[in-house]
Every structure is written in C-alpha cells, then in structure tokens.
Amino acid sequence: MRLLICASEYYPNGSGIANVAYNIVEEMKKSGVNCTVCSPIGPDIKLGNPELINKYGIIGLVYYWSEVSKFLELNQTKFDAVWCHNPLFIKKCSYKNIIVTIHTTYYGEFIHNVGYLHFRIYKKFASIVEKYCLHNLSHSVPFNVVSPKVAKELESIGIEKQRISYIPNGVNTSLFKPSENKTSLKQKFGFPEDSRIILSLGRLTEQKDPIILIKIFGEVSVRINNVILVIAGQGELLNKTRELVQKNNLNNVIFLGYVDEANKPDLYACSDFYILTSKYEGQPLTLLEAMSSGLACIVSDIPNLDIVADARCGIIISCSDTQIAAKSIVKYIKENHLSHNSNSRKYAENNLGWNVISDKYLKEFRGYSNL
C-alpha cells in the first residue's frame, strides 16, 4: 500500500497530531506499508510554512492545506490512500481515497469557553472556517476521531454519524512503563525521596488551566504532608502560574520547564499521581503515557477524559469548586488505591499500544482503498 500522510505538524516538532502520525507511521512501516509524510517540516514532502502556522494559526493552516490540495491534484494516481489530520481544504477536494482523523475541533474549544474573550472570538472564527472546510470534502470521506466527544462535535457541525468511527490515541507501552527504582529516579530529578509526586505535564495554556490547578493544590497541600506538585512544560501562562505559586508561598511546587522526550519516561516513572485540570481535550497523549507508566490519574470532569473511569485507574473531579476538588484529592490519596496503578498499566497494555492502534487504522485504510 502507498500511503500519503498529511499533517500540519510532525515529529520531533509539534504535539498531539505530530506524535500520533509519527507513531502510527513507524508501526505501519513494520507492516510493509510504503509511507510518505507531507508536513511543513517534511520529512518526505515539505509544504506550507511552519512559521506562518505558529504566528497566524488558522491562516497558516489553511495555506498549508491549500498547498496539499495543489499537490494532490498533480498526483492523482500516485497513492492508494491519503490520511489527513484535521484538514482545512478551503476549496472542494475531489481527490479520492482520503481518510480523515480529527483530534480536536475549534467548535469544541469555542463551546467550552476556552481562553480569554479575544481568544474565544478567534476560536469562533476558526470554527466557522473549520465547518466550511470539512464540508468541502466528498460525502464519501470517512472520519476517524480520537474520542467519542469529538465525534459528537463533528455531528454538531453537520458530519453524518455513519461516516464517523472512533479510534483512540495510543502510547509506547515499552517506553512508558512503571519502575521499581522510584527512589533513584527521584534523586535524578532532585525530588525528596519520601515525597509523593503529583505530576502535571503539558503546555501551560488557558485550555489546560494551570491557574485552577495551583488553586486546588494550594488547598491540598495544607491538608496532607509530603506531597509535591511537579509542573513540566512551557506556555503563555507559565509566568502567571509562577507568580500565583509565589503569592501563595507554595514551596512544594516545582517547575521543570521543558522536559525533552528522552527524560519523560523517567519523570512519569518516579511520580505517584498524574493530574490534568483542562477545560477541553481531545484525548491527551500525556494521560495515556501516565496510564502506561502505571500512575493513578486525577482528571477534570470533561467528557473526553472518561477513559479514567473506564479503566478504573483514578478519580474525576469538578474543578469549579477548588475546596471540594481538593478534599476529593486528599481523600483519594489517603485511601491509597494501589489497584488503580495496576489498572492503568493493564488498560494501556491491552488497549492503547501503538501496534494495537496501528492495526485498527490499517484495516480502515485497506478497506477504504480496496487493498
């Protein structure tokens, strides 16, 4: 099979889309699929402009997909299938054998009131463009989504339910795994050996809501000893988050900044809990990495994080009331749910390995392209 993968970001740059596309491509190569990757940074075909995307958002994305459209018109018979991640075709796309994966939607971010007013105005505009572009695809084009909630969002903007199927994100279960040497790993990062580590890993943005995380943890830290919040990541709210920590004299919060991919497995493995207080998510890879690492998970009560309940590997909290959220976390930590650690790992191994996810995509591609 000759498969063209089109994504607006790709490993080692980018985040969710980049990592999913890269890991599936690597697995498919093992199955003999001839993969060609087209993104603003290649590696096989370079189209669009990554700086334009970083600076102007959806304008840069539309430009990238317009370049993809031109490329497809000139290469009508070169590929058996084309796998497009969150495509934005501003003109009707007549290319056959396109399969789409949607990770998140601008519509979903808008209706969940993510960000400040000017940001929500941008999301509203982007959601209008998104809806217009998705309807420029042929009505025979199938959609895969990374969570059932994203499927509902697509239905809300007029994509027929029968065209949508759910394939979750995956994780490298061989790389992200529990460790029997937590003490030495804590020493590696300079954490107190007798501390219980609550890990937050990801971009510090309005969507992730690190401010509410600090407010909740402030309540937790006065109720329980030897607990440390480790925040790994960068973003526009980093300075504001630091200032709130200093204002509240929270000496048990550690900022690691950017953590490279090589150190992430050890960071997860030395932690005890993973926490995510987002307002909106597709299906965050960091959550799956935490589960694969055998961490008990504490997540906000948004639909796309229901996997924690399905796997019985943590608790789901409402972040609207910081005191109630903190009490729930303290109760959970004190109850010492050791089974949740093993449940996390088992669920990841059985359902989320990239080999498992790749097989699901491969069946879709072969079925759609009649190969």
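Every read-out reported here was derived from the displayed coordinates using simple, explicitly stated rules and does not represent laboratory data. Since the structure is predicted, the reported quantities are computational estimates derived from the model, not experimental observations. Neighbour counts run over all protein chains shown; Cβ positions are idealised from the backbone, glycine included.
Couplings 3J(HN,Hα) for the range 139-147, derived from phi with the Karplus relation 6.51 cos²θ - 1.76 cosθ + 1.60 (θ = phi - 60°), are 5, 8, 6, x, 10, 9, 10, 8, 7 Hz, where x marks Gly and Pro.
Taking the Cα centre of the chain as reference, the dipole from Cβ charges on Lys and Arg (+1) and Asp and Glu (-1) amounts to some 360 debye. With Cα atoms as the point set, the range 189-234 shows a radius of gyration and Dmax of 11.4, 32 Å.
Can you give the net charge of the other residues whose Cβ lies under 11 Å from the Cβ of Ser147, counting K and R as +1 and D and E as -1?
Numbers: positive: Lys149, Lys152; negative: Glu153, Glu281, Asp306.
Residues close to Ser147 contribute a combined charge of -1.
Dimensions of the chain along the principal axes, based on C-alpha atoms and rounded to the nearest Å, stand at 63, 44, 35, largest first. Near Val253, once Lys and Arg are set to +1 and Asp and Glu to -1 for all other residues with Cβ below 15 Å from its Cβ, the sum equals +3. Residues considered: Leu250, Leu74, Leu52. Largest GNM mean-square fluctuation over the chain, using C-alpha springs under 10 Å, is found at Leu74. As a rough footprinting exposure proxy, the listed residues Ile167, Ile59 were ranked by other beta carbons within 10 Å of their own, and the order from fewest upward is Ile59, Ile167.
Across the options Ile357, Val82, Ile45, the greatest Cα extent toward the positive end of the charge dipole of the chain (unit charges at beta carbon of Lys, Arg, Asp, Glu) belongs to Val82. Computed from backbone phi with θ = phi - 60° and the Karplus coefficients 6.51, -1.76 and 1.60, the 3J(HN,Hα) list for the range 150-155 is 5, 4, 4, 5, 5, 4 Hz; x is used for glycine and proline. Scanning the chain for chymotrypsin sites (Phe, Trp or Tyr not before Pro) lying in DSSP loops with no more than 16 further Cβ atoms inside 10 Å, the longest uninterrupted stretch between such sites is 117-257.
Each Lys or Arg adds one and each Asp or Glu subtracts one; over the other residues with Cβ under 15 Å from the Cβ of Glu243, this totals +3.
Using the alpha-carbon centroid of each, what span in Å lies between the range 244-289 and the range 168-206? After rounding, the separation between the Cα centres reads 8 Å.
Taking only alpha carbon atoms, the range 210-365 gives an Rg to Rh ratio of 0.98, where Rh is the Kirkwood radius.
Would you mind working out the magnitude of the charge dipole of the range 225-371 relative to its Cα centre, with +1 at each Lys and Arg C-beta and -1 at each Asp and Glu C-beta, to the nearest 20 Debye?
Working: 14 positive and 16 negative charges, 46 e Å.
The dipole of the range 225-371 has a size of about 220 debye.
Given +1 at the Cβ of Lys and Arg, -1 at the Cβ of Asp and Glu and no other charges, the dipole of the range 1-149 around its Cα centre is 320 debye to the nearest 20.
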